[in-house]
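A short worksheet on the structure shown next.
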Amino acid sequence: MRGFVYAAHASRVIFGAGALQRLSDEIARLGAHSALVLSTPEQRTSAEQVAALLGPAAAGVFDRAVMHVPIETAREAREVARSLGADCAVAIGGGSTVGLGKAIALDSGLPIIAIPTTYAGSEVTPIYGITQDGLKTTGRDAKVLPRTVLYDPELTLGLPATMSITSGINAIAHAAEGLYAVDGNPIMDLMAQEGIAALARSLPAIKANPSDIEARSHALYGAWLCGTVLGNVGMALHHKLCHTLGGSFNLPHAETHTVVLPHTLAYNSGAAPGAMSRIARAMGGSNASQAIFDLAGHNGAPVALRDIGMKQGDLAKAADIAMQNQYPNPRPLDRDAILRLLQDAYDGRRPEP
Ligand code: NAD
C-alpha cells in the first residue's frame, strides 16, 4: 500500500430537505448577526426569500454574481458588505455565487455560509478564482472555505434537467481525477467512488422527473462527496483542459466538463487502470470513459465541443495551452495525442474501449 497524507478541512455540513430553515440558527452559531445574501441576477428571488427568512438578521441582497468572479464585482460586493456592516455572507446558488462569497472572504475574512443549488462543489473547497483583465487567477486559502454548508435538495428542484446532468458530470469529474491524483488517499477514494455512484444513479432519475426529491437528494449527496475530493487532492489533465477551454475560449463550465471527461479518461486509461475500474464500477458499467459518454448522451447533455461554442480552428491553440504549466497527470502529456483527444471531443466521438 502506498503512503499518504490526509488532512480534513473544517466545514460544518447540514444536509436534508428543509435544511434552509436552519439558516438563522447557523448564523447565530457563528456569532454573526447581519448577513449579506449573495446570488446571481437569475436567482434574485431565492436570495430575497432567504433575506425574508432572516428578517432583521439580513443586511441586504447583492445579486450580481457572475461566472468566474470578475475583480470589479468582487470589489463592489466587498464594499457593499462593508457599508452595510455585514458580519457574514450567505451565498445561495452555484459555483459562481459561492465564488463571489470566497472573494469577499479572501479580502475580509468574513465567514461564508453556502447554500448550493448546483452540483459544482465549490462550497467544500478552499479554492478561489478571481478574473482580472481577462485572466483568471486561482489559489487556495483556508479563509475562503465556507464555514457552514446547508445542502437542501428542495432548492435544487428548479435546476433544469439538462443543467442537472452537466453539473452532475462536472462533479463526477472531480471524483474521477481524485481517483488518480498524485496526492490521493484512501478516504478520498471512498468518497470519490460513493459520490460517482450516487450521481450515476440519480441523474437519469432527475432527467425522467426533475421533481423527484429522492433523486435530487442523492445527487446533492454525491455532489458533496465529489466536491470534497476536489478540495482535498490535486486535479490533472481533465481540469487543466477545462480551465483552458473555459478561460481562453469562453466555453460554458459544466458543459465543457461533460464533453471532455470521457476523452481525458480514455487518454489516461492505460496509465491508471485501477482508477478506471473503480470509476467503471461506480458508474455500473464496464468501461469508465464510455459510461460517462453514455450518461451524458442518453440524458440529453452535449457530447461534442462543436455544439457548445468551440471552433475547429482553435483546437491546436488549446492543445498548446494545455502543454503549458502542466498539472501532474498519470500519462505524460503529448501534444499530438492531446490534439487528437480534443478533436474526438470536438466531433463528439464515443471513446473506443
Ligand atoms: P453557476 O453558478 O454559474 O450557475 C449557472 C446558472 O444557473 C446561473 O444563472 C445560476 O443562477 C443558475 N442556477 C443555479 N442553481 C439553480 C437552480 N437550482 N435553479 C435554477 N437556476 C439555477 O454554475 P456552476 O456550474 O455551479 O458554477 C460554475 C463556476 O463555479 C465556474 O466559475 C467555476 O470555475 C466555479 N467552480 C469553482 C470551484 C471551486 O472549488 N473554486 C468548484 C466548481 C466550480
*Residues located in the stretch 36-54, provided they are away from the ligand (no atom under 11 Å from the Cβ) and assigned to a helix (DSSP H, G or I)*: E48, Q49, V50, A51, A52, L53, L54
*When residues of the stretch 213-266 are filtered for being under 18 Å from L295 (Cβ atoms) and either away from the ligand (no atom under 12 Å from the Cβ) or not assigned by TED's automatic domain parsing to the domain that holds D294 (or both), how many remain?*
14
_Hits in the stretch 303-320 (condition: touching a residue at least 60 places away in the same chain (Cβ under 8 Å), surrounded by fewer than 20 Cβ atoms within 10 Å (Cβ to Cβ) and within 22 Å of the chain's Cα centre (by Cα))_ = G309
*What's the number of the condition I104 fails, among (1) away from the ligand (no atom under 11 Å from the Cβ); (2) touching a helix residue (DSSP H, G or I) at 6+ places or on another chain (Cβ under 8 Å); (3) farther than 22 Å from E26 by Cα; (4) of a type in the set (V, I, T)?*
(3)
*Please state which one of L106, L100 is over 19 Å from T228 (Cβ atoms) and crowded, with 24+ Cβ neighbours inside 10 Å.*
L100
*Does any residue in the stretch 261-287 that is farther than 20 Å from C242 by Cβ come within less than 7 Å, Cβ to Cβ, of a residue that is in a helix (DSSP H, G or I) and not aliphatic (A, V, I, L, M) six or more places away or on a different chain, and which pairs are these?*
R278/Q193; A282/Q193
*Could you tell me which of the residues L203, L199 is under 30 Å from Q326 (Cβ atoms) and either away from the ligand (no atom under 15 Å from the Cβ) or out of contact with any strand residue (DSSP E or B) (no Cβ under 6 Å at 6 or more places or on another chain) (or both)?*
L199
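Quick one: how many residues across the stretch 15-35 are free of Cβ contacts under 8 Å to residues at least 60 places away in the same chain, part of a helix (DSSP H, G or I) and not hydroxyl-bearing (S, T, Y)?
Keep residues of the stretch 15-35 that are free of Cβ contacts under 8 Å to residues at least 60 places away in the same chain, which gives 21, 24-25, 28, 31, 33-34.
Those still in the list that are part of a helix (DSSP H, G or I) too: 21, 24-25, 28.
Keeping just the survivors that are not hydroxyl-bearing (S, T, Y) gives 21, 25, 28.
Of the residues in the stretch 15-35, 3 are free of Cβ contacts under 8 Å to residues at least 60 places away in the same chain, part of a helix (DSSP H, G or I) and not hydroxyl-bearing (S, T, Y).
Quick test for you: out of V229, V260, pick the one residue that is in a helix (DSSP H, G or I), more than 17 Å from A322 (Cβ to Cβ) and within 20 Å of the chain's Cα centre (by Cα). Show your work before the answer.
Numbers: V260 fails: more than 17 Å from A322 (Cβ to Cβ).
Residue meeting the stated conditions: V229.
Conditions (1) part of a loop (DSSP other than H, G, I, E, B); (2) modelled with pLDDT of 95 or more, marked per residue:
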| position | (1), (2) |
| --- | --- |
| T137 | no, no |
| L155 | no, yes |
| S164 | no, yes |
| V182 | yes, yes |
*Subset tally (residues that are within 14 Å of the ligand (Cβ to nearest atom) and on the phi > 0 side of the Ramachandran plot) for the stretch 108-133*: 1
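Yes or no: the stretch 89-97 includes at least one residue that is in contact (Cβ under 8 Å) with a residue 60 or more places away in the chain, surrounded by fewer than 23 Cβ atoms within 10 Å (Cβ to Cβ) and touching a helix residue (DSSP H, G or I) at 6+ places or on another chain (Cβ under 8 Å). Break it down stepwise before answering.
Initial filter on the stretch 89-97 (in contact (Cβ under 8 Å) with a residue 60 or more places away in the chain): 90, 92, 94-95.
From the residues that got through so far, the ones that are surrounded by fewer than 23 Cβ atoms within 10 Å (Cβ to Cβ) too are none.
Among the residues of the stretch 89-97, not one is in contact (Cβ under 8 Å) with a residue 60 or more places away in the chain, surrounded by fewer than 23 Cβ atoms within 10 Å (Cβ to Cβ) and touching a helix residue (DSSP H, G or I) at 6+ places or on another chain (Cβ under 8 Å), which makes the answer no.
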*Give the residue that is surrounded by the most Cβ atoms within 10 Å (Cβ to Cβ), with candidates limited to residues of the stretch 132-151 that are touching a Pro at 6+ places or on another chain (Cβ under 9 Å) and of a type in the set (D, E, K, R).*
R147
_Looking for something out of contact with any Cys (no Cβ under 9 Å at 6 or more places or on another chain), polar (S, T, N, Q), more than 11 Å from the ligand (Cβ to nearest atom) and under 22 Å from N232 (Cα atoms) - is there at least one such residue anywhere in the stretch 70-82?_
no
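The values are calculated or read from the model by the stated rules, or taken from the named source; none is laboratory data. All values reported here derive from a predicted model rather than from experimental measurement. Using ideal geometry, Cβ is built from the backbone for each residue, glycine included, and neighbour counts are taken over all protein chains shown.
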